[in-house]
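Down below is the structure, laid out as structure tokens.
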Amino acid sequence: MVLEARGLARRYDAGGARSRPALADVTLSLSAGEATAVVGESGSGKSTLARLLLRLERPDAGELLLDGASVTSVDERAYRRRVQMVFQDPYASLDPMRTVGGHLRGPLVRLAGVDDAGWRPQAAALLDEVGLAPAVEFLDRRPHELSGGQRQRVAIARALAAGPDVLVADEPTSMLDVSVRVGVLDVFAARKARGLALALITHDLGAAARVADRIVVLFAGRVVEQGPFSSVLRAPAHPYTRALIDALESLDAPPPPARPDADTTRGCAYAARCPRARPACSEQPSSLVVLDAARDHAARCLEHDGAHASERQRNVDVT
């Protein structure tokens, strides 16, 4: 694995003496040539996780490892060369005063070590890669001369200019037309085939299905399920994962209720919504239970706890 998060936690000041937990005990691994989809509804902690992976914020607990070593020993420039990000909003992520070429020159020269006299051919190759061709027509344009889809492609080219080993993409297609989304996802898939480790942070399972090998499902700041993408979608082990799949399949699915408090030291945060919840779910803390060690498939649900599962089976046998 290239980048590993172990037990990450983050809390934010909510005013007064109370702080609001955004992430709790999140662990995931990003490996070369593999895409991991991090999915969940708004408020699940996805963007907080992205900021922690990029070291834009420090976790309150847990650690990040790059090639097995703590990132605290890696200086910021070296980390930026190895780990890059594509932000959600293509309108806010580019400097309106800088040309497209100017956006690419910085990471090419400062991070990738390209000679300042020869960066334009490299920039043109990146624009071709992300589907902005002929590149010569885009290098000297400014962001206001581009569509939203073109801006996002420039943002992707800028992230790739550093030659990163890891790319964290936070909702990179959410503001794009469907036709443009496919092209952006295909760029990610092509880079993944060349060894890039990709974290695709999204609420869109359909987009994730195009590129993801693995999935991490977040709810109320905690990992509730993780495993191979196709296996999890075929046989979800957590009720929330099942609800996400049902919402994808049904245009009439109702919007989710308000986000619960993520301070889930007592019981499961999903219990109030869960159609399979039992009294114990609101009282007993749940932990990730490994369901298939060989495939690294795990779920955080008392239904998979030995004692709880036995109780459920007895009830099924009686009825």
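Relative to the dominant Cα principal axis of the chain, helix 178-193 is inclined by about 90°.
Counting charges near Arg120 (Lys, Arg +1; Asp, Glu -1) among other residues having Cβ under 13 Å from its Cβ returns a value of -3.
Near Asp25, once Lys and Arg are set to +1 and Asp and Glu to -1 for all other residues with Cβ below 10 Å from its Cβ, the sum equals +3. For the chain, a/c is not less than 1.5, where a ≥ b ≥ c are the root eigenvalues of the C-alpha gyration tensor, and a/b tops b/c. That puts it in the prolate class.
With the simple model of a label 7 Å out from the Cα in the direction of the Cβ, Arg266 to His144 spans 5.6 nm.
Residues Ser287, Ser93, Ser179, arranged from fewest to most other Cβ atoms within 10 angstrom of their Cβ, appear as Ser179, Ser287, Ser93.
Counted by neighbouring Cβ atoms within 10 Å, the residues His144, His304 run from fewest to most as His144, His304. Distances between placed amide hydrogens fall under 5 Å for Val168 paired with Gln84, Met85, Val86, Ala199, all partners being 5 or more residues away or on another chain. Derived scalar couplings between HN and Hα for the range 44-49 equal 7, x, 4, 5, 4, 4 Hz in order, rounded to whole Hz, by the Karplus curve 6.51 cos²θ - 1.76 cosθ + 1.60 (θ = phi - 60°), x for Gly and Pro. With R₀ set to 35 Å, the beta-carbon distance separating Ala293 from Arg77 gives a calculated FRET efficiency near 0.35.
Amide H contacts of Ser287 (H built 1.01 Å from N, in plane; Pro and chain starts excluded): Cys301 sit under 5 Å, all sequence-distant by 5 or more or on other chains. For the range 37-122, what class follows from the C-alpha gyration tensor (a ≥ b ≥ c being the square roots of its eigenvalues): rounded when a/c is under 1.5, otherwise prolate if a/b is larger than b/c, else oblate? It is oblate, given that a/c is not under 1.5 and a/b is not larger than b/c. Find out how many positive minus negative residues lie around Asp60, taking Lys and Arg as positive, Asp and Glu as negative, among other residues whose Cβ is under 10 Å from that of Asp60. With Lys, Arg at +1 and Asp, Glu at -1, the neighbours total +2.
Scanning residues 5 or more positions from Arg11 or on other chains, those with amide H under 5 Å from its amide H are Ala22, Asp60, with H placed 1.01 Å from N in the peptide plane.
Read-outs throughout are calculated quantities, based only on the coordinates presented, and are distinct from any laboratory measurement. For clarity, every value in this text was computed on a predicted model and none was experimentally measured. We place every Cβ from the backbone using ideal geometry, glycine too, and count neighbours over all the protein chains shown.
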